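Below you'll find the structure, written out as structure tokens, and then a few comments.
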Amino acid sequence: MSEQPATAQSARQQLEPATADAVRAYAAKTRENADQLAAVLEDIATNGLPSVEDCTPWEELRETHLARLACQRPAVA
């Protein structure tokens, strides 16, 4: 390894335009998800926890999510 620090220009590898667009799209989706979570947490902080009757049991959420994942996965022959 070289003793000299690499400059910012030489240390970075440029992405292909399509790859850069995909990274930006992922960043936007991640930011959107974080904003939604922050809004829920702020609502809980302001108004308290929702009543049990207004909530969906985690088992139902899990099964729904697993079914969604199973639909996305190609079938094994």
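The values are calculated or read from the model by the stated rules, or taken from the named source; none is laboratory data. Bear in mind the structure is a predicted one, so any value in this text is a computation, not a measurement. With ideal geometry, Cβ positions are generated from the backbone for all residues, glycine too; neighbour counts draw on all protein chains shown. For accessibility, only protein heavy atoms count, side chains too; no ligands or nucleic acids. Shrake-Rupley method; radii C 1.70, N 1.55, O 1.52, S 1.80 Å.
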(Q) Just to be sure before I move on: is Thr46 part of a helix (DSSP H, G or I), exposed (fewer than 10 other Cβ atoms within 10 Å of the Cβ) and modelled with pLDDT of 95 or more in the structure I sent? (A) yes
Within segment 49-77, the residues that are outside any helix (DSSP H, G or I) and of a type in the set (A, V, I, L, M) are Leu49, Ala75, Val76, Ala77
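Residue-wise test of (1) more than 30 Å from Gln14 (Cβ to Cβ); (2) touching a residue at least 40 places away in the same chain (Cβ under 8 Å); (3) not hydrophobic (A, V, I, L, M, F, W, C).
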{"position": "Ala25", "(1), (2), (3)": "no, no, no"}
{"position": "Gln36", "(1), (2), (3)": "yes, no, yes"}
{"position": "Glu42", "(1), (2), (3)": "yes, no, yes"}
{"position": "Ala45", "(1), (2), (3)": "yes, no, no"}
{"position": "Pro57", "(1), (2), (3)": "yes, no, yes"}
{"position": "His65", "(1), (2), (3)": "yes, no, yes"}
{"position": "Ala70", "(1), (2), (3)": "yes, no, no"}
{"position": "Pro74", "(1), (2), (3)": "yes, no, yes"}
The number of residues in segment 27-43 that are polar (S, T, N, Q) and open to solvent by 80 Å² or more (accessible area, probe 1.4 Å) is 1
